[in-house]
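Down below is the structure, laid out as structure tokens.
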Amino acid sequence: MLALQILVNGLLLGGLYVLIAQSLNLIFGVMGVVNLAHGAFIVVAGLFTYWFASSTGINPLAVLPFVFIVMALVGAGLQPLLIEPLMKMGRSKAELLSLMVTFGLDYVLVELALQVWGSSFVSVPYLQSSWKLAGLDFSQALVVTGMFAALVSALLYWWLNRTDSGKSLLAASQSETGAICCGIDVKRVRMLAFALGVALAAAAGVLVIIVEALAPQTADDLTLLAFVIIALGGLGSYVGVAVAALLLGVAQSITGYFVGGNAEYVLPYVLLILVMVALPGRFRRA
Amino acid sequence: MSEVDPRWGADAVPALVVENVTTRIGPLTILDGLSLELRAGEVVTVLGANGAGKTTLLRTIAGLYPPRQGHIRLFGESIEGRPAHEITRAGIGHVPSGRELFPRLSVADHLELGGRLSPPARRAELRARMLAMFPVLGRRLGQRAGTLSGGEQQMLAIARALMTDPRVLLLDEPSTGLAPKIVLSVFQTFPMLREQGVSILLAEQSLTLGLTAADRAYVVDQGRIVLSGAAAQLAEDHRVVDTYLGR
Ligand SMILES: Nc1ncnc2c1ncn2[C@@H]1O[C@H](COP(=O)(O)OP(=O)(O)O)[C@@H](O)[C@H]1O
Ligand SMILES: [Mg+2]
């Protein structure tokens with residue numbers, strides 16, 4: 001029973017991780033850009049939700065569609081300004097320069113968040129109790145956010161594999177020249193991918209702040225968490241990343257129970273080091 | 001083979017005109033004032049040794065490199081300098097060097113992506129035509145492109161380009177990595193394409209392969225046209241092999 005409880009908690013947490021990682025994966029797959037501002041988008045969306053929900057009393061989940069749309073527009077505005085100019089410089093140069101540009105963006109967003117909301121950790125007081133079922137304890141916050149995240153990820157997966165615009169995005173990420181040969185406007189696909197990646201990160205932020213406390217300075221931990229997951233799952237692979245996210249959730253749940261303390265927060269870093277040492281090939285695009 | 005198919009008048013607007021085109025990559029001048037012409041319904045081969053500039057020529061026509069100088073016209077309409085995806089939409093199908101398939105997408109997805117700009121009825125017609133022309137693709141519709149054999153991949157690259165309903169098809173060394181028998185089966189589709197009003201510009205290194213399927217040919221060396229003529233005439237010209245194709 002205890003094993004099952006740990007597994008369930010881990011999978012629910014993993015569901016949230018799928019969303020956190022898939023949004024980074026989307027941008028990386030299409031542009032070869034590791035968006036170092038990823039965690040900053042999550043945190044800004046989360047803190048905004050905290051501020052909005054606690055000052056208006058509105059259900060934090062109701063804020064999600066609004067945050068999603070606004071952040072998609074922010075992403076669509078930033079991409080042509082910051083990322084697109086780098087794309088003409090060739091892949092390897094673009095990869096390096098985009099790290100610098102998105103690091104700069106990360107810095108700006110985190111500083112802005114510190115100015116607006118300060119540096120204390122906050123969490124939305126919502127769904128604090130738990131459901132009991134078949135002898136298991138289900139944290140309401142984890143269940144609801146895990147379900148939401150799974151739903152958004154499933155929608156993303158459906159969109160990628162079943163719609164014309166989604167398939168165009170997959171095509172452009174697998175061969176840019178091939179996509180052009182189909183008459184696909186790759187520049188527009190890149191803007192769409194960035195907008196969607198930022199919006200999904202923001203959606204994750206709304207859910208994360210319901211489950212755990214966030215502060216602006218958490219941003220880089222979240223970026224790293226997402227990066228570890230896509231590195232483990234295979235950069236650019238959507239199924240691989242989903243599996244890796246769920247596994248990491250379970251692994252953290254196990255470590256949290258048996259080792260305790262802060263061990264579960266150290267785990268992603270340990271895994272990152274292990275992956276880098278054992279499988280350096282993982283850091284190439286799938 | 002006659003130089004021009006009688007169904008198309010010699011004085012009709014050419015399918016493709018490349019006029020004095022210069023392409024630079026970084027500091028290097030790769031195409032140097034190159035001119036050629038493809039008449040409607042023709043199959044024309046660009047012959048040249050490795051590094052002569054064939055791929056650069058095809059990529060320039062397809063809009064993947066903007067020419068520094070010169071003009072490119074598709075049925076009289078100027079296309080140089082336009083974004084590459086718009087050139088595809090204007091009617092240039094490109095089977096690029098290295099095929100550039102989407103390894104994790106299915107055969108059916110490739111056909112769908114190629115045909116995404118055509119109205120549904122036309123798309124269905126093109127798709128049926130592709131499956132008739134390449135029956136093996138019909139048996140692999142659900143398979144990922146990365147798992148196909150070399151010959152099947154080449155056929156898929158051609159089918160994807162034809163799904164865009166092009167008026168001119170650019171083929172970059174479709175024989176690469178294929179057994180001679182398979183190359184011939186690819187070339188055997190040319191008469192069918194000609195029937196459908198597709199004119200073909202083929203880049204090849206091999207003299208025999210390059211000339212079997214062609215009406216006319218150009219020999220390119222260091223980014224310039226050095227010889228041109230009817231395929232039969234060039235096949236006899238010892239300079240082609242001795243001076244330009246190496247060996
Ligand atoms: N991206 C590139 N950067 C630098 N040089 C290139 C590039 N692409 C082609 N070249 C050079 O241009 C010349 C022609 O190449 P290419 O068009 O590929 O010839 P071909 O297709 O006839 O073998 C070669 O000397 C090649 O080294
Ligand atoms: Mg070539």
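We did not get these values from a lab; they are worked out from the coordinates using the rules stated. What you are looking at is a predicted structure, and each value in this text was computed from that prediction instead of being measured. Don't worry about glycine lacking a Cβ; one is built from the backbone with ideal geometry, like all the others, and counts go over all protein chains shown.
Data overview
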quantity	calculated
Residues of type lysines that A:Lys187 reaches as a straight line, Cα spacing below 19 Å, ignoring anything fewer than 8 places off in the same chain	A:Lys88, A:Lys93, A:Lys167
Tail beyond 18 Å, pair distance distribution of region B:104-164 (Cα, percent)	22 percent
Gaussian network model of chain A, springs between alpha carbon atoms under 10 Å - residue of A:Thr49, A:Thr145, A:Thr255 with greatest fluctuation	A:Thr255
Region B:85-235: C-alpha gyration tensor shape, a/c 1.5 cut-off, then a/b vs b/c	prolate
Net charge over other residues, Cβ less than 13 angstrom from the Cβ of B:Met163 (K, R count +1; D, E count -1)	+3
Peptide B:79-87, shielding by other chains (average Cβ, 10 Å cutoff)	3
Cα-based helix-to-principal-axis angle, B:120-133 vs chain B, degrees rounded to 10	80 degrees
Choice from A:Ala113, A:Ala179, A:Ala72 with maximal GNM fluctuation in chain A (Cα, 10 Å cutoff)	A:Ala179
Within chain A, helix-based [θ] at 222 nm, where runs of 4 or more DSSP H residues each add -39,500 (n - 2.57), nearest 500	-25500 deg cm²/dmol
Helical contribution to [θ] at 222 nm, DSSP H n ≥ 4, -39,500 (n - 2.57), averaged over chain B, rounded to 500	-9000 deg cm²/dmol
Cβ charges +1 (Lys, Arg) and -1 (Asp, Glu), total dipole of region B:125-247, debye	480 debye
Region B:71-118, dipole about Cα centre (Lys/Arg Cβ +1, Asp/Glu Cβ -1), debye to the nearest 20	40 debye
Taking region B:1-126 and dividing mean pair separation by its residue count, relative contact order in percent (alpha carbons under 8 Å, at least six apart)	22 percent
Other protein chain Cβ atoms within 10 Å, averaged over every residue that makes up B:59-67	1
Cβ-Cβ FRET estimate between A:Glu95 and A:Met276, R0 fixed at 25 Å, reported to 0.05	0.90
Proximal aspartates and glutamates relative to B:Lys181, as straight alpha-carbon distance under 20 Å, when same-chain residues fewer than 8 apart are discounted	B:Glu152, B:Asp172, B:Glu173, B:Glu204
Top of A:Leu235, A:Leu19, A:Leu78 by mean-square fluctuation, Gaussian network on chain A, Cα under 10 Å	A:Leu78
Ranked B:His71, B:His238, criterion: other C-beta atoms within 10 Å, fewest first	B:His238, B:His71
Shielding of B:109-116 by partner chains, average beta-carbon count, 10 Å	5
Taking all pairs of distinct alpha-carbon atoms in chain A, Kirkwood radius in angstrom	19.2 Å
Compactness index (Cα Rg / 2.2 N^0.38 Å), region B:1-118	1.16
Degrees, to the nearest 10: A:2-31 long Cα axis against longest axis of chain A	20 degrees
Value of Rg to Rh for region A:178-263 (Rh from inverse mean 1/r over Cα pairs, i.e. Kirkwood)	1.08
Cα centre as origin, Lys/Arg/Asp/Glu Cβ charges: chain B dipole, Debye	900 debye
Cα-based helix-to-principal-axis angle, A:38-56 vs chain A, degrees rounded to 10	50 degrees
